[in-house]
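S.K.: Here it is, the structure, as structure tokens.
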């Protein structure tokens, strides 16, 4: 049996593809999957749990590679909402732009977006690494709890609103910071972290020129005097 | 008319006479206490449990059991099944329960691990399901629960594909009755190292979770989210959608359209471990009012036979369960009642040998047994809503599970008894026609006739099929 298997989503359904991923792929000798004609379909490659490389050739819809474990999924095109949502490990790469909530609640792994990402990128992040070559939209890293987000371009309004322990690095301009987010000095370890993630994602950039955004931790406990002016 | 000169008018009471003081209906003692508390704290009140105000409830309905016009079944001898199937719309593996009473979602974090363990044991023994909560699935509850519903909440604390696959059903939580529109809350004193680790949060912070899901927003997106969860679990597990009871008719329709196998509606009496009191008492509608709206939505979509309906929020007795089924629910879910069965608000806890009085511990919280709603403090005197290692030991899971088991058994005995008296051999054959209302409000909300009449306020006679 070949170590590469192709699926044409013009011929088979997403259900058949995912069923193969969950029941036939684990334990087989297949190491590469090629998916043709995604044509904006949702939920391609959700729930993967084996060290396989999946190449999706074309634009794809919502929740691509959702809850991924171990697999390396590459989309050669744009993706809809919530690519790599709740990813646990592995790698998801978008050679294009991503719509809203990219990497939402990701617990681990690497999400690399070659283009721009829309609003709420990295929302509720819980430990993964998220690297965006372009810009991110408003409310990105909202309530991000852990993990690291690197934005090579500009960040929209309210970046890092209600951050916990996640850290955001921005190479371009920041429209505004959200509640409880603050800019902090870049230390040598920060520069090293950015450099490492850029290298891992395969993106270029001057790590030393990034700015660090983290939580001021003023929302960690009730503050009746804040009057919603955090 | 002239007053006879020999009679004198009654004496005017002296100013300040306690028998003639006039209290304000608007600013009564409770309202004044609320204002005084606000002046001292500058922060809204946060507490646990559900609405304490008096509301129309299932108590305002009665059964029209069999007589000459209906044929009853023998209460002790003839069979009446309570088997309940949920989630058969799309899921390959629907949930099959022995009783129509399930245990509602309550998190490890809000509850102690012992409490979760006890609920799981009891539910398993009685052949029903229990549910995780905002904080993920613990190994203890998975082990002890034969049928476990895994909640997918806005926070996604501890949410992961491994637990998703080992769940028996998935419940997407949009809201809950105690705080529809509000996010979860767990104050710092309960965010122990284990709780913090499961939720990826710093230890000891006041955790306020998101009120909206991170990866979808409206009902069209919900349909795609449901599809994603189905794909991950290979369309095996039923998917529930839980909502707090507000605009129930519209919300149920949207959930059904989005592809839910089961809709869960939580009325305003539903409990919580912590939220703002203003939510608890002033948001949502009573369970009694919510259920007929949900049923109407399903019937209008011709989905009542396909989509399961679970109602929750203040369910306490077998009569409540039976009335909920008669109004069109497939099952009910209990939270506060299950905690009370565990020993919540008991004056004593049992250490395995003796009953130990803990009234002083209640007093230290500023309350007393029977009045406690201090789950948010983490200092539960009976070891249920705590993460304190010593307090938690006050609840012995095996013993507490027996109490919950007994309680669930009583609920089911009462339901089947009422069903037999109505002539039904299956509790799911109870119907609205078996009910009458004792108050005009209950008649209007439940859409059953006021007792002794054929009048349903708000319904035309042509709608009810009966003249008045």
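What follows is calculated from the coordinates using simple rules that are stated; it is not laboratory data. Keep in mind that what you see is a predicted model, and the values were worked out from it rather than measured. Backbone-built Cβ (ideal geometry, glycine too); neighbour counts: all protein chains shown.
S.K.: Taking strands (runs of 3 or more DSSP E) that do not extend beyond region A:124-226, which have at least 3 residues that are within 14 Å of chain B (Cβ to nearest Cβ)?
M.R.: Output list reads A:126-132, A:146-151.
S.K.: Same structure, new question: Given the structure, is residue A:30 touching a strand residue (DSSP E or B) at 6+ places or on another chain (Cβ under 9 Å), without any contact (Cβ under 8 Å) to a residue 40 or more places away in the chain and more than 12 Å from chain B (Cβ to nearest Cβ)?
M.R.: Yes.
S.K.: Given B:71, B:44, which one is more than 14 Å from every other protein chain (Cβ to nearest Cβ) and either under 30 Å from residue B:452 (Cβ atoms) or in a loop (DSSP other than H, G, I, E, B) (or both)?
M.R.: Values: B:44 fails: more than 14 Å from every other protein chain (Cβ to nearest Cβ).
None of the other options fit; the residue is B:71.
S.K.: Of these, B:205, B:172, which one is touching a residue at least 12 places away in the same chain (Cβ under 8 Å), farther than 30 Å from residue B:330 by Cβ and within 14 Å of another protein chain (Cβ to nearest Cβ)?
M.R.: Matching residue, one of B:205, B:172: B:205.
S.K.: State whether one or more residues within region A:56-69 are more than 18 Å from residue A:97 (Cα to Cα) and more than 9 Å from every other protein chain (Cβ to nearest Cβ).
M.R.: The answer is no; no qualifying residue exists.
S.K.: With out of contact with any helix residue (DSSP H, G or I) (no Cβ under 8 Å at 6 or more places or on another chain) and closer than 30 Å to residue B:209 by Cβ as the only criterion, which of A:184, A:200 stands out?
M.R.: Criteria check complete, one pass: A:184.
S.K.: Would you call residue A:25 buried (at least 24 other Cβ atoms within 10 Å of the Cβ) and within 14 Å of another protein chain (Cβ to nearest Cβ)?
M.R.: Taking the combined requirement at face value, the residue does not satisfy it.
S.K.: Is one or more of the residues making up region B:211-219 facing chain A (nearest Cβ under 10 Å), buried (at least 21 other Cβ atoms within 10 Å of the Cβ), farther than 23 Å from residue B:109 by Cα and without any contact (Cβ under 8 Å) to a residue 60 or more places away in the chain?
M.R.: Yes; the residues of region B:211-219 include at least one that is facing chain A (nearest Cβ under 10 Å), buried (at least 21 other Cβ atoms within 10 Å of the Cβ), farther than 23 Å from residue B:109 by Cα and without any contact (Cβ under 8 Å) to a residue 60 or more places away in the chain.
S.K.: If you check residue B:391 against the conditions, is it out of contact with any strand residue (DSSP E or B) (no Cβ under 8 Å at 6 or more places or on another chain) and crowded, with 20+ Cβ neighbours inside 10 Å?
M.R.: In short, yes.
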